[in-house]
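So the structure is just underneath, and the comments pick up after that.
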Amino acid sequence: MSRLAALTVVVFALSAAPAWGSGGPAVGGDAGPLGVTADGLGARYVAQHVQGGTLLEAIDRDGGAILNSRFFHQNLMVPGVAFDGSATGLTADGTTLVLASPLRGSSTRFTVVDTRRLGVRGVITLRGRFALDAVAPDGARLYLVELLSADGTRYAVRAYDMAAGRLLRAPVVDPTEADEPMRGSPISRVMSTDGRWAYTLYDGGGKAPFIHALDTVRAQAKCIDLDALAGRQDLLDMRVDLGDGGAVVVQEGATHAILRVDPRTFAVSRVRPAAPPAPAADSGVGWLEPTLGAAVLALLAAGGLWAGRRRRDRPVDLGQLRL
């Protein structure tokens, strides 16, 4: 399978309105109130649509305070990349944010923002229709899904060189699968801790699900087939996350990992479920415990009543009273 790096769901990006799937945005859509952040950063960046344009806010991740804000007269959005609400556009060091304009007509526009002052660093205008898929850790390259047909059935992933101000000619592909089209919808994404690798789980579009691993530094891609998930009906509930040693894990729900991908070899292995805790040793008289407990309580209560009666029935020596 040669999967060019992005998605058949890019058809959602053909609409000017935000595209939402089950639980979050599709690629080319708006990340919405979740915005975007990165590991180790103290701020989350949210683009809110307001009358006359967009309000970009830097929000403290701990207390929720607004650290900075700026109004733009354009309609801008933080680009979403998967149905779990994942977003992109922010460099790993947090200094650069790329906002997208809704796709309209035959051109695409991105606004590059300096996050330290929320000022515009530059505007990228491209002929054709593109959706932002990832950003290199230092912001040197953008990775874009180029839509080559109106229905989104033909597309390519392109790398944009920020310093040169141009698209690189060759598309980004898995060199071992250069002739097979990529299928499927993006379900979940996780970034490596250094911001270099973008790992995206796709449903496979009728074939086996897979993880698309995009190296945003070297402009290379690797497609990792997940045959163990073929036929699963709960794929939209699954998530990708980072495990021990930087491994990529596929989870059922929030914490139950079922597959592990080695970040060096891309080998896939099953995660053995944790062994249940061993039951306490059975002494053979466990049935006596509640009975004995009740008996003890009854005896204590009876003793208390008897002692009370003894105290009440005992005559009082008036000579011992102190007035």
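No lab work stands behind these numbers, since they all come straight from the coordinates. What you are looking at is a predicted structure, and each value in this text was computed from that prediction instead of being measured. With ideal geometry, Cβ positions are generated from the backbone for all residues, glycine too; neighbour counts draw on all protein chains shown.
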Practice problem: Output the peptides 204-210, 262-268 sorted from most to least packed, where packing is the average of other Cβ atoms within 10 Å over each peptide's residues. | Solution: 204-210, 262-268
Quiz item: Taking R0 as 56 Å, what's the FRET efficiency between D114 and A230 from their Cβ-Cβ distance, rounded to 0.05?
Solution: 0.80
Quiz item: How big is D for the range 162-261, in µm² s⁻¹ as a whole number, if Stokes-Einstein is applied with the Kirkwood radius of its Cα pairs at 37 °C and 0.692 mPa s?
Solution: 227
Exercise. At 0.36 nm per residue, minus the direct Cα-Cα distance, what do L126 and T265 gain on full extension? Give it in nm, one decimal, please.
Key: 46.4 nm
Self-check item: Cα-based equivalent ellipsoid, the range 66-151: semi-axes from gyration tensor eigenvalues, Å
Solution: 22, 15, 13
Quiz item: So how much slack lies between K207 and A170, counting 0.36 nm per residue of separation and subtracting their Cα-Cα distance, in nm?
Solution: 10.7 nm
Quiz item: Once the Cβ-Cβ distance between I66 and D194 is put in as r, and R0 is 30 Å, what FRET efficiency do you end up with, to the nearest 0.05?
Solution: 0.55
Quiz item: What spacing in nm lies between the two simple spin-label points modelled at V217 and Q51, each 7 Å away from Cα in the Cβ direction?
Solution: 4.9
Self-check item: Packing-based ranking, highest mean first, of 134-140, 57-63 given that Cβ atoms within 10 Å are counted
Solution: 134-140, 57-63
Quiz prompt | Integer Hz, Karplus 6.51/-1.76/1.60 couplings in order for the range 205-213, x for Gly and Pro | solution = x, x, 9, 5, x, 8, 10, 9, 9
